[in-house]
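Every number in this text was worked out from the coordinates using simple rules, so none of it is lab data. Predicted model only: the values in this text are computed from it and were never measured. Neighbour counts run over all protein chains shown; Cβ positions are idealised from the backbone, glycine included.
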Amino acid sequence: MTDIITQQFDYGGHPIHTLQAGPDSGPLILLLHGKMFQAATWQETGTLAKLAEAGYHVVALYLPGFGNSPFTNIEPSEVLKTLINQSSQNKAILLGPSMGGRIVLEFTLDNPDLVTSLILIGAVGVQENKERLKELNLPCLALWGGEDTISPLTNGRLIQQEVKSAELVIIPGAPHPCYLDQPNEWHRILLRFLTEKLPA
């Protein structure tokens with residue numbers, strides 16, 4: 001059974017809570033969450049355990065204002081930057097669905113040297129950043145539910161078109177939180193992508 005620990009770190013006097021699993025020496029992967037969810041969602045889906053068992057050091061972040069992380073005026077991007085800079089690798093794989101997808105997308109555009117790979121799940125904010133998408137030059141997985149009515153599939157197709165190294169995967173019949181609708185398929189796609197694009 002995979003050990004999942006709760007860990008808090010201080011950002012300018014503000015406590016930020018995380019769930020962590022996997023070997024400290026493994027590649028760092030940061031999991032954000034959507035507006036209606038939280039870090040614990042990744043524990044409930046089994047994603048934390050799956051990634052830890054595959055050798056990754058996984059950190060699921062409670063964004064400010066969610067879970068035990070109190071609301072503050074600090075930008076999530078600053079929290080991400082601090083977490084990455086405090087790691088031994090100084091780089092991370094970033095994963096975000098919906099609102100979290102927008103955060104990791106914009107963070108990667110502004111801090112490309114801190115990101116090794118980007119995983120977007122039904123990300124919002126794609127249209128607002130479409131003029132910059134061509135700047136991305138790293139392995140990118142865009143995962144969309146075929147029946148997503150929150151972030152239309154056209155957003156996933158735009159990423160596929162504009163980002164040179166992007167791969168678009170569609171889960172037929174799945175809604176916006178496609179990873180919740182079909183978790184087994186989600187984990188298969190995720191681990192296959194990581195193995196192919198970021199071999200050990």
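Run the Debye formula on the Cα coordinates of the chain, all scatterers equal and no solvent, and tell me log10 I(q)/I(0) at q = 0.10, 0.16, 0.17 1/Å. Each listed q maps to, in turn, -0.36, -1.00, -1.15. Each Lys and Arg Cβ is given +1 and each Asp and Glu Cβ -1; about its Cα centre, the chain then shows a dipole of about 280 debye. When only DSSP loop residues count, what chymotrypsin sites (Phe, Trp or Tyr not before Pro) in region 47-129 have their Cβ near at most 15 other Cβ atoms within 10 Å? In loop regions of region 47-129 (DSSP not H, G, I, E or B), the sparsely surrounded chymotrypsin sites (Phe, Trp or Tyr not before Pro) are Phe71. Within region 90-129, the proportion of C-alpha pairs whose separation exceeds 13 Å stands at 43%.
Pairs of Cα atoms under 8 Å, at least six residues apart: use those to get the relative contact order of the chain, whole percent. Across the chain, relative contact order equals 15 percent.
Cross-link reach is defined here as a Cα-Cα straight distance under 25 Å, omitting same-chain residues fewer than 8 places apart; for Lys50 the lysines meeting it are Lys35, Lys81, Lys91, Lys197.
GNM on the chain, alpha-carbon springs under 10 angstrom: the most fluctuating residue among Gln160, Gln43, Gln86 is Gln86.
Working note: Karplus 6.51/-1.76/1.60 with θ = phi - 60° gives region 174-190 the couplings 8, x, 3, x, 4, 5, 7, 5, 9, x, 5, 5, 4, 5, 4, 5, 4 Hz, where Gly and Pro are set to x.
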